[in-house]
Every structure is written in C-alpha cells, then in structure tokens.
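Just so it is clear, none of the values below were taken in a lab; they were calculated from the coordinates. Nothing here was measured: the structure is a model prediction, and the numbers come from that model. Positions of Cβ are backbone-derived with ideal geometry, glycine not excepted, and every protein chain shown enters the neighbour counts.
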Amino acid sequence: MAAAKVFLALDLGASNGRVVAGVFDGAKLRLEDVCRFDNGPVSLPHGMHWDLLALWKHVQQGLRAARDRFKSQVASVGVDTWGVDFGLLGRGDVLLANPHHYRDHRTDGLMERAFAVVSRSEIFAQTGLQFMQFNTLYQFWALRLANSPLLDVAERLLMIPDLFHWMLTGCKTNEFTNATTTQFYNPHTKDWARDLLRKFDLPDRILGEITPPGTDLGKMLPQVAAETGLAGVRVIVPGTHDTASAVMSVPAASRPGELPDWCYISSGTWSLMGVETPRPVTTDLCLKLNFTNEGGVGGTIRLLKNITGLWLLQECRRVWNQTGKNYSWEDLNRASDAAPRLRSLVDPDLPGFMAPPDMPAAIRQACRQSGEPEPADEGGVIRCALESMAMKYRMVLSWLEQLIGRRMETIHVVGGGTQNRRLCQAAADATGRRVVAGPVEATAIGNLMMQAVAAGDVGSIAEAREVIGRSFSVEEYSPRETAAWDEAYVRFERIVAG
C-alpha cells in the first residue's frame, strides 16, 4: 500500500494562525495540528496594522515542524486568510509598508463620500459586492485621500494570502476568491473593474492577472526550501479567501450549474451566510438587501451576507477578563443557560459593534435605545448576543430565498462556531430548519482538499466533498419550541427596522 500523502494548509485568521497537515490515504482525510500562533492588530500612531513579518516567522517555524514530523510525505502547501486587506510592493519587490488592519478607522465615513464620486448603484452594478466600509476599494481610496506616497511608488497590489504565496515562491498572483472581496472586481466580465478605479483616481497598473484556485505555483524558493527543509514541495493556490475554502468543505451534494437546496453559514468571528450559485446575482433587490457576490472554488459564486458572529462573544469575554474575572467559555455558557430566554434582542450588525472599547456596554446601550430590557448580568448579555445572531440568520435566510427563488431545506454550519451548540440549536429554532453542524476545521479542510484536487489525487470538488463526508462527523439539530421564536421575531424585525 502506498504511503499517505500530506498536504499543508497555512490557515491564517484574524486572531490566530496555524499550520495544519492533511494526511490523505486516498479515501479519507485526517487532520493533524502542526502548530498554532497568535495573530492580531498592532496599533501605531498612524493606524492599526498587521505584523506581517512576525506572521512570516511563525509560518517558517510551522513549516519546519511539519518537515520534522512528516519528512518526504509533504507534497504541497497552500495559504488562506481573511479578505479585503492588502500589501503593496515597490521597485525590486520591496514591501512598502505593513498592511493595514480592516478594523482601522481610516475608512470611517468613506463609503458615503465615495457615493458622491460614483453612485452606490453603479458600484454595485460593476462589482456585485456588498457595501462594507473596510472593503479594499475604500482602504485603497483612503491612501489617495491622504496623499499617500505609496501610490506613486507601488508597482503591485497583493492581497494578504497573495503576499504569503509570493514570499514562498516569488510568484506575484491575484487569486480569484480573494480578488472578489476588493469591490473592484467585475464578476460579469471576470476581470478588474478598471473604469471604476480610474473614477476614484486609483491606479489599475498594479493589478495582475487573476489566478484560479488550484493553480500550481511551482516549488518553493531555494532559500525558503533551505530554511524550512521542504525542498521539492510545491505551492498550490487554494481558495485563498477563508470563506471560500470553508464552503468547499460543506459535506453536501450539488450539481454543477444548479442551485442547491441547502445554504451555509461559515461560523466564526463573522457568520457568513449564503448559497453557491453558478452566476452572480446583481438585481435591484440584491443591492437593496446588501448581499455580496464573492468568488468560490470551481468558478462558482458565493451569494452571501456578512453577519456579525462570535466577535460579540469574544469581545465580551475579553472585556470581562481584563477586569480580572477570568471567565472560561464554559462559565459563560452556564451563565447564559440561567438567563431568561428571548428577553433581550439587538441587531448584531449595528455599526456600534464594529470595534467598541466595551462590548457588553455597547450591547446594553443598544437594548436601551431600542426599548429592549437591558441584560441583568453577564449570562444575559451572552444570551442576548447568541439569540440575536440566530434571529439575524432567520432574516438573512428569508432574504436569500427571495433572491434565488428557492426554499433552503437545510442549513450547513461549518467552522469554529459549530462547537457552540447553543448557537447551532438557536439557529434551528429561529429558522425552523434542520441544521447540520460540521466540520469544525472547515477552512483548513477546504484548503487541503483543493490541493488534493489540483494534484489529481481527488477527481473533482464534488468528489472532495464526498471524501470530507466520509472523514469527519457532523451533528444535526432539529427545530423545537418554534412558536416562542416566531413571536420574538416580530419584535426583532422592529428592532432592525429601527
């Protein structure tokens, strides 16, 4: 029997990163964590940035650890990260600055100013992307408005995963799924929206050819191979946007060119809820509802909407623990179980929840402003956040079904949020739909299986999903006590409407 092949996923998230090995025996995929490391913003006098060099150091250490563990079994590596953020290279491939963090305040209010230059409807017609102030378009334009000298000397724009693929191989690529998060990619022409950039006086010369997932960039640079000990290992571009890789891991059948009867929630710091479509949806209703058309693997479009996710809980716990309370997640789970059901609701996507200094205070303030009872304690705050997210899932599901004209029978939840059973059950209760939760390590799995498809070890994305279904367990949740949720949803609609 041939030895199992090992693929490596460099899975970089907004709060942490890891190197994950996928051991594939031809029938099943098994995951092994190689290493994990922290990630997060670095605040400087001129803004909030990512520490790219520190991340690169961690990546190299992880690759060395993978070499030590798997040796010659390692076949390839691929990088996935969050979207929208970017770096600029100058003459001689010099990195001009550490990339800005998408939560930096330099884009506050820029969308409204942008609409005075190019209308909201025209931007949407050219890009099909939802309007969020941290989209690359507004970050890029912020450089122009600040008269940044970077725009004069920049020769290439690379999204964050493109930067890591460049550091690994020397190849400068703009991968498809991440390119579509910029709000200057046109899903109809399948090229950059160059006219749109020119209207904002932004250079399009720094944009490269768009690279599809599954592209083989070749072997690592000699110096990287020497540093890591991974000589001969190839670099394969996965769906570099983490949600694109996560959606690839959904263990559900779908036929090419047809709409599925299931939708997904990629659940983590954000909850990204949507459906795979064969082509973009850029109707007036889609614009009104602020849905987005982002690239998926296999040339699909991910019609989805961003919903604030576990960020609410993460920030609450951080604030409380800064005061010395040292709450574990289990402590907070028990407290939320003791809190009254459906007592307090908020719109989780309020601008005030983007980056408040005190998330629990922001949630209580939102309750006061909408006439909801303030949560009495920590458990009440957590319950409010969880139930409000589930209510927003219901609202977005109804909009999604309007857009595609089909009922979604099942909601597949993938990613770290699948471990929050209370949220998964609340999603089933609020929507009245069957919820299938798993796999947990969705992004890494999608990354690894795209490498397996590119290498020819798996025949197609559909076959990859079959492998995933055989390899990882899922948990199902059925709706219960839906009458109380139906009654509370009327209240939630009023809250969102303002």
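Taking every lysine pair in the chain that is 8 or more places apart or spans two chains, those with Cα atoms closer than 30 Å amount to 26. Note on Ser473 and Asp486: the extension gain reaches 1.6 nm, defined as 0.36 nm multiplied by sequence separation minus the Cα-Cα distance. Neighbour counting of Cβ atoms within 10 Å sorts the residues Ile468, Ile307, fewest neighbours leading, into Ile307, Ile468. With the charge dipole of segment 5-236 set up from +1 on Lys and Arg Cβ and -1 on Asp and Glu Cβ about the Cα centre, the Cα lying farthest toward the positive end among the listed residues Leu53, Val34, Leu96 is that of Val34.
Counted residue by residue at 0.36 nm each, then reduced by the alpha carbon distance between them, the extension gain from Arg279 to Asp68 reaches 71.6 nm. For the chain, the relative contact order comes to 15 percent (Cα pairs under 8 Å, sequence separation of at least 6).
Fully extending the segment from Val117 to Ala253 would add 44.6 nm, taking 0.36 nm per residue of separation and subtracting the current Cα-Cα distance.
Put simply, when 373-381, 330-338 are sorted by average Cβ atoms within 10 angstrom per residue, most first, you get 373-381, 330-338. Label-point separation (nm) for Arg103 and Arg421, each offset 7 Å from Cα along Cα-to-Cβ? So the two model labels end up 2.9 nm from each other.
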